[in-house]
């Protein structure tokens, strides 16, 4: 990974809005150096949208449709059909 760009504290103090805009636009951190230490200035992760609360009517509709497919698909018949389709169509080889 590339080392973040380093700038002097005096440059940050003189160009604070420009440095902030660059960090936000490029989404990359910047290291600010001063005589007695270093500080990293990095963008915050994007905010997540809050989840929509489920309405009671949505839950009731889901539960009413839950068993709707129960009589339309036969589980054993479906398993047999899948097994036959996965089988080989080749004729047996006699050695």
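The values are calculated or read from the model by the stated rules, or taken from the named source; none is laboratory data. These figures come from a predicted structure and were not determined experimentally. For neighbour counting, all protein chains shown are included, and Cβ atoms are generated from backbone atoms with ideal geometry for every residue, glycine included.
Odds and ends about this structure:
- Residue pairs meeting the criteria (Cβ under 7 Å; at least 6 apart or on separate chains; first over 14 Å from residue 42 (Cβ atoms), in segment 1-24; second surrounded by 13 or more Cβ atoms within 10 Å (Cβ to Cβ)): 8/33; 9/32; 9/33
- Residue match in segment 40-52 (condition: farther than 21 Å from residue 3 by Cβ, surrounded by 10 or more Cβ atoms within 10 Å (Cβ to Cβ) and at pLDDT 85 or above): no
- Qualifying residue in segment 37-53 (condition: in contact with a strand residue (DSSP E or B) (Cβ under 9 Å, 6 or more places away or on another chain) and part of a loop (DSSP other than H, G, I, E, B)): yes
- Selection status of residue 21, part of a helix (DSSP H, G or I), surrounded by 10 or more Cβ atoms within 10 Å (Cβ to Cβ) and on the phi < 0 side of the Ramachandran plot: yes
- Only one of the listed residues (85, 33) is without any contact (Cβ under 8 Å) to a residue 60 or more places away in the chain and surrounded by 11 or more Cβ atoms within 10 Å (Cβ to Cβ). That residue is 33.
- Within segment 60-70, not a single residue is in contact with a helix residue (DSSP H, G or I) (Cβ under 9 Å, 6 or more places away or on another chain) and part of a loop (DSSP other than H, G, I, E, B).
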